[in-house]
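First up is the structure itself, then whatever we jot down about it.
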Amino acid sequence: MLRFVTSRSSQTDDHRLQMSSMIDIVFLLLVFFVMTFRITSQEGEFVMAGADAIVSDGESRGTNLPLILRLDASPEGRLIAISLNGQRATSFEEVQARLIGLEEDGALRDVVMTVDCDSKLKYENVIAALDNVTGYRDELGQLRPLIRSTKFANRH
C-alpha cells in the first residue's frame, strides 16, 4: 500500500500560493474597471409633460410665448440642424444664450417648451438639448433654471 506523506509546511505554502493568485485576480479586475471607467456628463433634472398636458381649468400650462425646439438628424442619426421657433442656431450654447436673454426679460415664467425631434436622432443629442434648455451655471457656479417643463411634439 502506498502512503502519501504531506508535511505541514507544504500545506501553508499552498495557502500562500492560493492567496497570492486571488490577490492578483483582484488587482487585475481593479485595473480593468479603472481603465474602462468613463465619466459622463451629469444629466439635468427636468420635468416632462405629455403632448396634451392641460390644467384642470382647461387652460394650457404655459404663457402665450410658444417655444419650439426643432432638432433635425441625418439618416445616420447625427444632429444636422437646430432651430428655436424657426430661427436657426449653430449650437446648443446659442439656444441657451437666447433662452437666457428671454429669462432676463421674465418671458420664460411657466413656459412649456415643445421639443420636436427627428425620429432618427441619437439619444445623446436629445439629452444634450434638454441639458442646455433646462438650466445653466452662472458666474458663481450656481445652477440657474431656464425651462422648467418640456414636452415632445406629437408625431403621427
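Here are the numbers for the structure shown:
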| quantity | calculated |
| --- | --- |
| Members of region 87-115 found to be surrounded by fewer than 16 Cβ atoms within 10 Å (Cβ to Cβ) and either in a strand (DSSP E or B) or not assigned by TED's automatic domain parsing to the domain that holds LEU71 (or both), listed by number | GLN87, ARG88 |
| Test: residue in region 23-36 that is part of a loop (DSSP other than H, G, I, E, B) and modelled with pLDDT of 60 or more | no |
| Close pairs from region 133-149: first over 11 Å from VAL112 (Cα atoms), partner aromatic (Phe, Trp, Tyr) and part of a strand (DSSP E or B), Cβ under 6 Å, at least 6 apart | ARG144/TYR136 |
| Qualifying positions in region 133-156 - out of contact with any Cys (no Cβ under 9 Å at 6 or more places or on another chain), in a strand (DSSP E or B) and not β-branched (Val, Ile, Thr) | GLY135, TYR136, ARG137, LEU143, ARG144, PRO145, SER149, LYS151 |
| Condition check for LEU130: part of a loop (DSSP other than H, G, I, E, B), hydrophobic (A, V, I, L, M, F, W, C), buried (at least 19 other Cβ atoms within 10 Å of the Cβ) and in the same structural domain as ALA89 (by TED's automatic domain parsing) | no |
| Candidate set from region 46-90 (those that are at pLDDT below 90 and acidic (Asp, Glu)); member that is nearest to VAL111 (Cα to Cα) | GLU59 |
| The lone exception for ARG98 - which of (1) under 23 Å from the mean Cα position of the chain (by Cα); (2) at pLDDT 90 or above it fails | (2) |
| Per-region count, region 133-156, residues closer than 13 Å to LEU71 by Cβ and surrounded by fewer than 18 Cβ atoms within 10 Å (Cβ to Cβ) | 3 |
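The values are calculated or read from the model by the stated rules, or taken from the named source; none is laboratory data. Bear in mind that the values here come from a model prediction, so they are computed numbers and not experimental data. Glycine also receives a Cβ, built like all others from the backbone with ideal geometry; neighbour counts cover every protein chain displayed.
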